[in-house]
Amino acid sequence: MKGIIIYKSKYGSTKKYAEWLKDATGYDCVATKDADTGKLSSYDTIVFMGGVYAKGIACASYMKKVIDRIKDKKIAVFVCAASPYDEKFFNELVALNMKGDLEGVPVFYGRGGFDLKNMTFADRTLCKMLRKATAKKDPKDYELWEAALMEVSDDEAGDWTDKSYLDPLIEYLKG
């Protein structure tokens with residue numbers, strides 16, 4: 001089976017997962033900005049990978065653009081977020097992003113990283129505002145994403161990427 005991994009990574013975690021998946025599968029691997037949509041028909045399997053930002057999947061617009069041309073392919077989506085897996089959040093994420101022709105495409109989850117120093121000014125400002133608001137709460141009342149947000153300080157970086165998050169996706173691709 002000939003496959004391709006198409007990813008969009010803002011801060012590097014999704015790219016790391018894409019490269020690990022490339023090593024595990026032998027699939028071609030390309031960033032969305034460099035992907036040639038005309039060549040997608042030559043692949044049997046297409047894996048989209050994108051970071052999660054404000055309940056959006058980074059590669060969602062690209063998927064929507066090409067889905068009509070690849071409906072007959074084996075398709076999967078892998079999302080990468082700084083928070084640990086939370087079923088409620090994951091289901092909301094899928095419901096918001098996987099509509100219309102994307103509905104029913106399998107979605108897999110991996111934990112990424114968090115590093116305020118490497119974020120854009122806008123992302124860093126938003127995260128600092130969220131952290132300030134979250135800090136006013138009792139830590140025992142944090143939602144899972146809030147606990148993850150508070151897990152590292154402004155001067156630290158958190159990297160929770162782990163190849164094992166790819167295992168369910170790799171099993172799906174083998175089937």
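The values are calculated or read from the model by the stated rules, or taken from the named source; none is laboratory data. Since the model is a prediction, treat every value here as computed from it, not as a measurement. Positions of Cβ are backbone-derived with ideal geometry, glycine not excepted, and every protein chain shown enters the neighbour counts.
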Can you find a residue that is touching a Cys at 6+ places or on another chain (Cβ under 7 Å) and modelled with pLDDT under 95 anywhere in region 16-28? no
Taking Gly38 as the residue in question, decide whether it is surrounded by fewer than 16 Cβ atoms within 10 Å (Cβ to Cβ), under 19 Å from Glu171 (Cα atoms) and either in contact (Cβ under 8 Å) with a residue 12 or more places away in the chain or not hydroxyl-bearing (Ser, Thr, Tyr) (or both). no
Quick check on this structure: which one of Tyr17, Tyr11, Tyr7, Tyr43 is aromatic (Phe, Trp, Tyr), over 23 Å from Trp160 (Cβ atoms) and crowded, with 18+ Cβ neighbours inside 10 Å? Tyr43
Checking Lys74 against (1) in contact with an Asp or Glu (Cβ under 7 Å, 6 or more places away or on another chain); (2) modelled with pLDDT under 95; (3) surrounded by fewer than 19 Cβ atoms within 10 Å (Cβ to Cβ), which single condition isn't satisfied? (2)
Mind checking which pairs have a first residue in region 9-23 that is within 13 Å of Arg111 (Cα to Cα) and not assigned by TED's automatic domain parsing to the domain that holds Met49 and a second that is of a type outside the set (Val, Ile, Thr) and surrounded by fewer than 19 Cβ atoms within 10 Å (Cβ to Cβ), Cβ under 9 Å, 6 or more apart or different chains? none
From (1) outside any loop (DSSP other than H, G, I, E, B); (2) surrounded by fewer than 17 Cβ atoms within 10 Å (Cβ to Cβ); (3) out of contact with any strand residue (DSSP E or B) (no Cβ under 9 Å at 6 or more places or on another chain); (4) not β-branched (Val, Ile, Thr), pick out the condition that doesn't hold for Tyr172. (3)
List every residue pair whose Cβ atoms lie under 9 Å apart, where the two residues are 6 or more positions apart in sequence or sit on different chains, the first residue falls within region 84-106 and is surrounded by 16 or more Cβ atoms within 10 Å (Cβ to Cβ), and the second residue, located anywhere, is among the basic types (Lys, Arg) and part of a helix (DSSP H, G or I). Leu102/Lys64
Considering residues that are in a helix (DSSP H, G or I) and either within 26 Å of Asp72 (Cβ to Cβ) or not hydrophobic (A, V, I, L, M, F, W, C) (or both), the number found within region 94-118 is 9
Among the numbered conditions (1) in a helix (DSSP H, G or I); (2) surrounded by 14 or more Cβ atoms within 10 Å (Cβ to Cβ), tell me where Ser164 comes up short. (2)
